[in-house]
1. Just checking, which of PHE110, PHE120, PHE97 is part of a helix (DSSP H, G or I) and aromatic (Phe, Trp, Tyr)?
2. Residue by residue through the range 102-149, note down the ones that are of a type in the set (Lys, Arg) and under 25 Å from the mean Cα position of the chain (by Cα).
3. Looking at GLU129, GLU101, GLU116 in this structure, which one is farther than 16 Å from PRO227 by Cα, crowded, with 21+ Cβ neighbours inside 10 Å and charged (D, E, K, R)?
4. May I ask you to verify whether ASP105 is closer than 18 Å to ASN77 by Cβ and either of a type in the set (Asp, Glu) or not assigned by TED's automatic domain parsing to the domain that holds LYS208 (or both)?
5. State the number of residues belonging to the range 252-273 that are under 16 Å from PHE73 (Cβ atoms), of a type in the set (Ser, Thr, Tyr) and at pLDDT below 90.
6. Enumerate the pairs (first residue in the range 221-247 and in contact (Cβ under 8 Å) with a residue 24 or more places away in the chain; second residue anywhere and assigned to a loop (DSSP other than H, G, I, E, B) and basic (Lys, Arg)) with beta-carbon separation below 6 Å, excluding pairs fewer than 6 apart on the same chain, so at least 6 apart or on different chains.
7. Step by step: first the residues of the range 57-79, then only those that are out of contact with any Ser or Thr (no Cβ under 9 Å at 6 or more places or on another chain), surrounded by 12 or more Cβ atoms within 10 Å (Cβ to Cβ) and among the hydroxyl-bearing types (Ser, Thr, Tyr), then the one that is farthest from HIS257 (Cα to Cα). Which residue is that?
8. I'd like the full set of residues that are under 23 Å from THR126 (Cβ atoms) and free of Cβ contacts under 8 Å to residues at least 60 places away in the same chain, limited to the range 82-106.
Amino acid sequence: MMRYYYRNLAGLLFVVLTLIGGSGCTSKSDQQKWVISLKKEDKKPYGTYLAYNSLKQFFPESTIQDLSRKYTFSNLNDNMNYGTKGPNVMILVALNFQLSEGEWDHLRQFVRNGNEVVLFCSRMDTKIEADLNCIKTAGREEYRLSAQDTSENLNMLSLTGNDQKKYGYKGRYIGGSFGSFSETDDTASNEDETYYTLADTLGYSNGKPNCIRFQMGRGHVTLHAAPLALSNYFLLQDGNINYLAGIWSTLPRNIDHIYWADFYRRVGAASAKGLWQFPAPRKGMLLLLFLAIVYVLFMMKRRQRIVPIIPPLRNDSVSFVETVGRLYYNKGNNTNLAEKMIQQFLEWVRIHYFLNTNLLNDDFISHLAVKSGSTEAEAQGLVQMIIEVKHSGTKIDDAYLYQLYHTIQHFYKKHQQ
């Protein structure tokens, strides 16, 4: 079966070599060709087209599904957590790989359910290093190449079980490794959600572990320190496809789904809660909070004496009218007060509605109702009261005066609306 895989991969290599070798380009486009992308659809030297398509050869019975570069691992659902034919595998490729605390919790649960996570990464999130007690040495993938780098990368990598066979290329840095790690988390138990065990060391970089696998629950987390080992340029070198075959062969054969996500730099969930998970933004926010508290404490002391509050000037004309009204009301001269109210109202009608108030007839009532927005019955009632006060000599008691006042106020409010 392995021979069948290699024959298909050889055909794939021939196609990619033809595409890369037969493309003429200018100097500028040639420089762009060597830029690191790690994209699965990129056939340029530092894309991952070959590695991605090799999955179909090694796992022909598995379903391969791409995840968006903006995918949030907190969205892992039951279909992804539980395969029908076997475990699911999530392959993550990135130079920088950061994620929020919630995303890491969901990925750990994905593994504990019996699935596999394989992370090819140069600079990984400190949460992963802290939880698995491993320290990743800094990568130099984006450094300018030198003659020393290309010679150093020639025989850099090896697989466990075949230390004599070396893999490498004259390309960018693939010497990432793990400086130290703990084989077992002695402080946890099998029931503990953070329990893990170093299951195996799968590969080395100049004798240092660069591919390690941890058991977590019923699944595994595999960390590879050289993401460019998946690049087209590395795999096109003579025999290097066997290195990738060795990595893939350590995964279960009855895989149900393979989820692939490639990134250049992943910064995690874009939210305030997500930023708090990262050390640099968290320190910055704490510093801003401290400075704000210091500023408030020092500014609590006033810089000048209290400015006295000056009350606004009163409207004496309004006060005069109120005083006169109270005087009439207190003397019990309701008739005179009602006449003054009517006189003021008719003057107001002439100014605002431009109506002739000499004849309080049906035409006046109709025009007053239309202009004021009141009903004709309301206008009729007010005019009738005005006529009673002016001409019939009706005795004005307190109740009648109160009704006249509120009827007139109704028209004032209608005009304000």
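The values are calculated or read from the model by the stated rules, or taken from the named source; none is laboratory data. In this text the structure is predicted, and so the values were computed from the model without any measurement. Here the Cβ positions follow ideal geometry from the backbone for every residue, glycine too, while neighbour counts run over all protein chains shown.
1. After applying the criteria, what remains is PHE110.
2. ARG108, ARG123, LYS127
3. GLU116
4. When the stated conditions are applied, ASP105 passes them.
5. Here the count works out to 1.
6. If the second residue must be assigned to a loop (DSSP other than H, G, I, E, B) and basic (Lys, Arg), the pairs left are LEU228/ARG172.
7. TYR71
8. Hits for the range 82-106 are TRP104, ASP105, HIS106.
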